Amino acid sequence: MENFNRDLNKDFLKELECAACMELMLPPIHSCEYGHNICSTCKPTRTVCPSCRGPFVNIRNLALERMARNVKQRCTSRAFGCSEMCYLNFMTDHKAACAYAPYTCPFANEKSCDWGDLYRNLKEHLLEKHSDYVTEQNDATDLVMETGIRGLQERKFVFAYDEIFYTYIYILQNNCCYFSVRYIGAPENASKYGYKICFSKSNSIENIVVSQVTSSIAEDIFAPGKGIMLPCDLLKRFIVSGKLPYTLEIFQV
């Protein structure tokens, strides 16, 4: 009986394999007109079914989705050392927080960096290949926006509390300066940290101080509540010799 159950589970897991990437499928599961299944990640990249070359139909395999929610399987990062097992329905959340999940460099698009490795090796990579964009926080960190408020965007990586944060400054078309500090790591840890940005004039009591909780790098950077927006006209008074100095402090909430 035990062997029968083991074989049955093995056969069922085979049915859950995506016809394209061969990974176990998570809901939503899509089908072609002949009943072959494909995962939601692969479907947008295919015009025909990889099994039969038939067209996809706007139908989900709801029966297989219900069964998939009751299957427990090892993490897809098992090849990198993760031994966690969880129900497929919760696999997406686990993968987002998995310490063994391979990371790509945040500069993969901007600088065509093809680095990919474990999260624990990301700091070493940034120091070795992108040191011009890295700063270590000691209390508050003094930074300078080199192009004042004329530059389109500026980025920095800040190391604080043995964590990595990605600071992003973007000049919007509505003549506002958008600031965001994003946490690199398990998404649920992002809310454990906050940041404070201060603009001030030397020999003056005039200053602007704003603060917010950090967001996860996995979230949309321009989503509501994920950044701080200040009018450029308000910041002009703090520009010195064409540059905009400011102080950034990352703190634990």
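The values are calculated or read from the model by the stated rules, or taken from the named source; none is laboratory data. Worth saying up front: this structure is predicted, and the values here are computed from it rather than measured. Heads up, the Cβs are rebuilt from the backbone with ideal geometry, glycines too, and the neighbour counts pull from every protein chain shown.
Things to note:
- Residues (part of a strand (DSSP E or B) and among the hydroxyl-bearing types (S, T, Y)) located in the stretch 195-213: Y195, S200, S211
- Restricting the first member to the stretch 103-121 and to residues that are under 15 Å from I217 (Cα atoms), and the second to residues that are acidic (D, E) and in a strand (DSSP E or B), the beta-carbon pairs closer than 8 Å and six or more apart or on different chains are Y103/D117.
- Within the stretch 130-147, being in a helix (DSSP H, G or I) and either surrounded by fewer than 16 Cβ atoms within 10 Å (Cβ to Cβ) or at pLDDT below 85 (or both) holds for S131, D132.
- Members of the stretch 214-253 found to be closer than 17 Å to Q137 by Cα and part of a strand (DSSP E or B), listed by number: P245, Y246, T247, L248, E249, I250, F251, Q252
- With respect to the stated conditions, I208 fails to be modelled with pLDDT of 90 or more and under 15 Å from the mean Cα position of the chain (by Cα).
- Every test in (1) more than 28 Å from Y103 (Cα to Cα); (2) touching an Asp or Glu at 6+ places or on another chain (Cβ under 7 Å); (3) among the β-branched types (V, I, T) is passed by I169 save one, and that test is (1).
- Scanning the stretch 41-56 for residues being surrounded by 13 or more Cβ atoms within 10 Å (Cβ to Cβ) and at pLDDT 90 or above gives a total of 9.
- Residue satisfying condition, being surrounded by fewer than 16 Cβ atoms within 10 Å (Cβ to Cβ), within 20 Å of N189 (Cβ to Cβ) and out of contact with any Lys or Arg (no Cβ under 8 Å at 6 or more places or on another chain), within set L122, L118, L127: L118
- Residues in the stretch 84-127 that are under 26 Å from R155 (Cα atoms) and of a type in the set (D, E): E110, D114, D117, E124.
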